Amino acid sequence: MLQPAIQNNLNISYDNSINDPFMVHSFNNSCESRYYLNKNNYYIDIASANHKDFYLNVSGNGVSLNLYSNKWEFHGFYINESGIYYFNTSGSGRYLISMSAQDPGFVYKYNINMPTSFVLVPALIDQNRIEIETNGNYRILLYNSLLEPLKCSNKGRIYYNITSKQYNGVDFITLYANMNTLVLLSWGAFHARHNLKYNIIEIILPGFIISIYIIFRITKKNYKNKRM
């Protein structure tokens, strides 16, 4: 049973001269981007490209945040004054700003007016399946901690079996919605039982049927040849 909804209002205004902050941004050299951020709690993930050095500095309105990674790093930060903030990068890598949807079993409620990302923290142990659902047929993208896309859906929900190679501790989804949209988001992590068994059946069974068909055709042909 889902716990009571968490109210999170996110009403951000921006224009075309300011980049969208809540999408994955990739850089191969030094670059500066600016975003309008409301007073709020945010999270940021940075991931280097091929284990190269990647630096990110966030500044504006008294905020100074310096991040570095040669793999990936995840941090929370607080904006106590709405306004323009500057993001300067050095090196090769990616970063993503996100809102919180950290805990499973809750219904997260957001008012959004642009594509927006949310952080999920499954903390998987023996669980290897994540299920994400929203209240509409939104386009959503699932990323791992390295900000590599794992799965896309245009139906507002994603069911995904996570492997140890794909999972690095934190996941993100980017949700594409129309202007001034109320979004309800919930997710959970589960143990996917007998997935390997079913996957093997899905792979082997069609080949087994085809093989039986081929053997039948060959046997039938040989039988005809013998009669002639």
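The values are calculated or read from the model by the stated rules, or taken from the named source; none is laboratory data. Nothing here was measured: the structure is a model prediction, and the numbers come from that model. Neighbour counts are summed over all protein chains in view; Cβ atoms, including those assigned to glycine, are modelled from backbone coordinates with ideal geometry. With ligands, DNA and RNA removed, areas are computed over all heavy atoms of the protein, side chains included. Shrake-Rupley method; radii C 1.70, N 1.55, O 1.52, S 1.80 Å.
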Practice problem: Please specify each residue of segment 56-74 satisfying the condition of being open to solvent by 50 Å² or more (accessible area, probe 1.4 Å), of a type outside the set (A, V, I, L, M, F, W, C) and part of a strand (DSSP E or B). | Solution: Ser64, Asn66, Tyr68, Glu73
Quiz item: Any residue at all in segment 37-44 that is at pLDDT 95 or above, in a strand (DSSP E or B), among the hydrophobic types (A, V, I, L, M, F, W, C) and open to solvent by less than 10 Å² (accessible area, probe 1.4 Å)?
Solution: yes
Quiz item: How about segment 128-228: which strands (runs of 3 or more DSSP E) wholly inside it have at least 1 residues that are surrounded by 10 or more Cβ atoms within 10 Å (Cβ to Cβ) and modelled with pLDDT under 85?
Solution: 181-190
Quiz item: Pairs, please: C-beta under 9 Å, at least 6 apart or cross-chain, first residue basic (Lys, Arg) and in segment 63-78, second open to solvent by less than 50 Å² (accessible area, probe 1.4 Å) and assigned to a strand (DSSP E or B)?
Solution: Lys71/Ala47; Lys71/Ser48
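Pull up segment 75-93, narrow it to residues that are hydroxyl-bearing (Ser, Thr, Tyr) and over 14 Å from Asn38 (Cα atoms), then point me to the one that is most open to solvent (accessible area, probe 1.4 Å).
If we filter segment 75-93 for residues that are hydroxyl-bearing (Ser, Thr, Tyr), which is where we start, we get 78, 82, 85-86, 89-90, 92.
Next, from what is left, pick out any that are over 14 Å from Asn38 (Cα atoms): 89-90, 92.
Details: Thr89: 9, Ser90: 51, Ser92: 16 Å².
If we take residues in segment 75-93 being hydroxyl-bearing (Ser, Thr, Tyr) and over 14 Å from Asn38 (Cα atoms), then Ser90 is most open to solvent (accessible area, probe 1.4 Å).
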Quiz prompt | segment 75-105, residues that are more than 16 Å from Tyr143 (Cβ to Cβ) and part of a loop (DSSP other than H, G, I, E, B) | solution = Asn80, Glu81, Ser82, Ser92, Asp103, Pro104, Gly105
Quiz item: Would you say His51 is farther than 17 Å from Ile173 by Cβ, open to solvent by 30 Å² or more (accessible area, probe 1.4 Å) and part of a loop (DSSP other than H, G, I, E, B)?
Solution: yes
